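The values are calculated or read from the model by the stated rules, or taken from the named source; none is laboratory data. Bear in mind the structure is a predicted one, so any value in this text is a computation, not a measurement. Methodologically, a virtual Cβ is constructed for each residue, glycine included, from the backbone with ideal geometry; neighbour enumeration extends over all protein chains shown. The protein model used for the area step is the full one, side chains on, heavy atoms only, and it has no ligands, DNA or RNA in it. Shrake-Rupley method; radii C 1.70, N 1.55, O 1.52, S 1.80 Å.
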Amino acid sequence: TENSTVSITIVGASGDLAKKKIFPALFALYYEGCLPEHFSIFGYARSKMTDAELRVMVSRTLTCRIDKRENCDEKMEQFLQRCFYHSGQYDSQEHFRDLDRKLKEHEAGRVSNRLFYLSIPPNIFVDAVKCASVSASAANGWTRVIVEKPFGRDSESSAALTKSLKQYLDEDQIFRIDHYLGKELVENLSVLRFSNLIFEPLWSRQYIRNVQFIFSENFGTEGRGGYFDNYGIVRDIMQNHLLQILALFAMETPVSLDAEDIRNEKVKVLRSMRTLTLDDIVIGQYKGDTRGGVTYPGYIDDNTVPKDSLTPTFAAAALFIDNPRWDGVPFLMKAGKALHKRGAEIRVQFRHVPGNLYKKTFGTDLDQATNELVIRVQPDEAIYLKINNKVPGLGMRLDRSNLNLLYAARYSKEIPDAYERLLLDAIEGERRLFIRSDELDAAWSLFTPVLKEIEEKKVTPEYYPYGSRGPVIAHYLAARHKVRWGDII
Ligand code: BG6
């Protein structure tokens, strides 16, 4: 409103995430007229920089979807005028007090609301939260803090982190981001389920044979090896992004669309899941490869990665939900870097039609004849349903065709970046897409024992060439549960 202001401080402003995602998302929100009337953005980092230098940095890295639009330059100039820089240490009360003074000047006596986005390494999280909350909290409006993963690296460290954060903040001030929840098709999952009659009644063990959550990248850890080696693909992708999607997919109908109602259901389903054992997971690591005269580096060729690293860059896992709805249905996950394709998909394979009249037409491979619903999260967002159809003609031949909702063909509107939605929600105090601490605990308890076992037993990953479809063990794991992976990788 006229009388209030929002200050957004990006702590770690010169980092990769700030440049690639946070500033561009804020600019897109500004461009769309979604930011409040009175707002300012502060970059906070250790290096010395002037406001003008920050603006140059931001303008150079604003490679967002907006930059091809009309009036972009003009809007960009206006936006940059609202961006400022403050140099300080992440653990200095004094430097945050200086920031507080600057913020007050900008707030000019209006009600002050402050959002801090912590885009810094985990070992300095708590110090920064302490300094921000003690020395730079809003005097009269709200103070909120967005934190990025990693939220610890196992149950214990995550609980310790939560405990430390709660010394300085209430749970409702902490916005734990999982950017997959801000993706358009992930948000749409609940719409698809709960507002279409034809899906929700089928959403159970009675009709669904298995569900697959697949994440694949066609590039390695390039430049991020130092971070990645301490976490690995299970913590980087599965325990958070894929598990969050699974929870939304499998939860019971929430009482309402309110954040607490949705998160209650997500926690419930996560807590109904079986803790993973070593039998439920396989791991891989990519090695260098030369194809067509081009040499692709292996994971351990990254000089920030120890040569003897066993850290998985690929994993496949089978998860089970022990509740009446999902008893016995395998939920398979697969995630990998340096594979042959980039993409993220949810695949739902339905059961066979009992006593199918057309059985003979399919020969022996009835598995090829079951329906499959595919939700392609990225790229080329789409939802399609594989159905059996008669090939036109005098004979009786069936094939499998797609009922296909391709977003690019159906909607002319561009799809916002996940960070746009999430930043806007944080500014508006909408918590639906952020992770509550009990969800986080439940997510860690599923994976912590197996991660420990993998590390203690020094389980060797199966090696796969850069750019391949990943190690063959992923197929054996699926086959044990009578599952065939969908064809993305
Ligand atoms: C991040 C992971 O959370 O998600 C990265 O740390 C990964 O390793 C990235 O590359 C993928 O996000 P997106 O939105 O590009 O699919």
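Using Cα-only point scatterers and the Debye equation, what is log10 of I(q)/I(0) for the chain at each q in 0.06 Å⁻¹, rounded to two decimals?
Computed log10 I(q)/I(0) values: -0.30.
Return P(r) of the stretch 149-258 (all Cα-Cα pairs; 10 Å bins starting at 0; whole %; ordered from short to long distances).
Binned Cα distances yield the sequence 11, 33, 33, 19, 4.
Given 0.36 nm per residue, what is the gain on full extension from GLU74 to GLU252 after removing their alpha carbon distance, in nm? Can you show the working numbers first?
On the way: separation 178, 0.36 × 178 = 64.08 nm, distance 4.74 nm.
Extra length from GLU74 to GLU252 when fully extended: 59.3 nm.
Determine the per residue accessible area of the chain with all protein chains present and a 1.4 angstrom probe, expressed in square angstrom. Display every interim value, and only then the final one.
On the way: 21690 Å² over 489 residues.
About 44 Å² of surface per residue is accessible.
Going by alpha carbons, how many degrees (0 to 90, nearest 10) lie between the helix axis of 437-456 and the longest principal axis of the chain?
70 degrees
How large is log10 I(q)/I(0) at q = 0.21 Å⁻¹ when the Debye formula is applied to the Cα atoms of the stretch 62-188, each weighted equally and without solvent?
Each listed q maps to, in turn, -1.24.
Any idea what the relative contact order of the chain is, in percent, if you count C-alpha pairs under 8 Å spaced at least 6 apart?
Details: 879 pairs, mean separation 84.3, N = 489.
Contact order relative to length: 17 percent.
PHE199 label point, 7 Å along Cα→Cβ, cut-off 17 Å on backbone N: hits in the stretch 411-448?
So the set is 411.
With the convex hull built on the Cα atoms of the stretch 283-335, state its orientation-averaged projected area in nm². Display every interim value, and only then the final one.
Working: hull surface 22.5 nm².
Answer in nm², one decimal: 5.6.
Out of the DSSP beta bridges found with both residues in the chain, what percent are antiparallel (nearest 5)?
Working: 43 of 82 bridges.
Around 50 percent antiparallel, to the nearest 5.
Counting Lys and Arg as +1 and Asp and Glu as -1, each charge on the Cβ, what is the dipole of the chain about the Cα centre in debye, to the nearest 20? Walk me through the intermediate numbers first.
Values: 66 positive and 66 negative charges, 295 e Å.
Here the chain has a charge dipole of around 1420 debye.
Exceeding 31 Å between C-alpha atoms, which entries from my cross-link table qualify? They are LYS68/LYS341; LYS166/LYS287; LYS166/LYS307; LYS20/LYS166; LYS19/LYS413. Please report the intermediate quantities before stating the final value.
Details: LYS68/LYS341 27 Å; LYS166/LYS287 42 Å; LYS166/LYS307 38 Å; LYS20/LYS166 29 Å; LYS19/LYS413 24 Å.
Where the Cα-Cα span goes over 31 Å, the pairs concerned are LYS166/LYS287; LYS166/LYS307.
In square nanometres and to one decimal, what's the mean projected area of the convex hull around the Cα atoms of the stretch 301-399?
Mean orientational projected area (the stretch 301-399, Cα hull): 11.0 nm².
Do any GluC sites (Glu not before Pro) in the stretch 192-296 lie in a loop, going by DSSP, with at most 16 other beta-carbon atoms within 10 Å of their beta carbon, and if so which? All intermediate terms of the calculation are to be shown ahead of the outcome.
Numbers: sites: GLU217, GLU222, GLU252, GLU260, GLU265; in loops: GLU217, GLU222, GLU252.
Answer in residue order: GLU222, GLU252.
Give me the percent of accessible area attributable to carbon and sulfur for the chain, probe 1.4 angstrom. Walk me through the numbers before you get to the answer.
Values: 10970 of 21690 Å².
Carbon and sulfur: 51 percent of the exposed surface of the chain.
Kindly rank 372-380, 180-188 from highest to lowest mean number of other beta carbons found within 10 Å of each residue. Could the numbers behind the result be given before it?
Working: 372-380: 17.9, 180-188: 20.2.
Those peptides, ordered most packed to least, come out 180-188, 372-380.
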